[in-house]
Amino acid sequence: RGDHSDVSLIDRLIVEEKRDVRTSKRAGALSWHDLESAKEVFGRKCLVGLVEKAEESIRRYERFFGWGDNSGYNTCVGNKLVKADKRNEHDSFEGTNAWEVLRKKNEYDVLLFEYAKNLYTQQSTMYD
């Protein structure tokens, strides 16, 4: 996990962009300004891929980075995608005290994820 296991994605994005923020952000709560800063950094520096659209995302990466011009490569990637899908249904703990604590702790990360999903759609006009 490294040094960032207790740090939100927003903190990490802001720290990467503005190194002097690290100490001040760890000490205080995140704000809407932090979320907007993280969105700006994310939108400028990230090519978004989504697990629920794994094949489409990998094709996007292939085009962007110039990967996978042979059929052997495409077969290998396809096999890995099929074998890698290990998602299972789990009980929901929504509405419990634990759920509420996690929701509050990760509120801005969830909002940033929603932004990333929208960014994925926007980027499809450029990279698909």
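Comparison of 47, 119, 112 shows that the only residue that is part of a loop (DSSP other than H, G, I, E, B), modelled with pLDDT of 90 or more and at negative phi is 47. Working only within region 83-97, note down all residues that are more than 21 Å from the chain's Cα centre (by Cα) and surrounded by 10 or more Cβ atoms within 10 Å (Cβ to Cβ). Hits for region 83-97 are 93, 96.
Among the residues of region 26-41, is there at least one that is open to solvent by 100 Å² or more (accessible area, probe 1.4 Å) and at pLDDT below 85? Yes, region 26-41 contains at least one residue that is open to solvent by 100 Å² or more (accessible area, probe 1.4 Å) and at pLDDT below 85.
The values are calculated or read from the model by the stated rules, or taken from the named source; none is laboratory data. As the structure is a computational prediction, the values presented were derived from the model and not from experiment. Glycine gets a Cβ as well: all are built from the backbone with ideal geometry, and neighbour counts include every protein chain shown. Heavy atoms of the whole protein, side chains included, go into the accessibility calculation; ligands, DNA and RNA do not. Shrake-Rupley method; radii C 1.70, N 1.55, O 1.52, S 1.80 Å.
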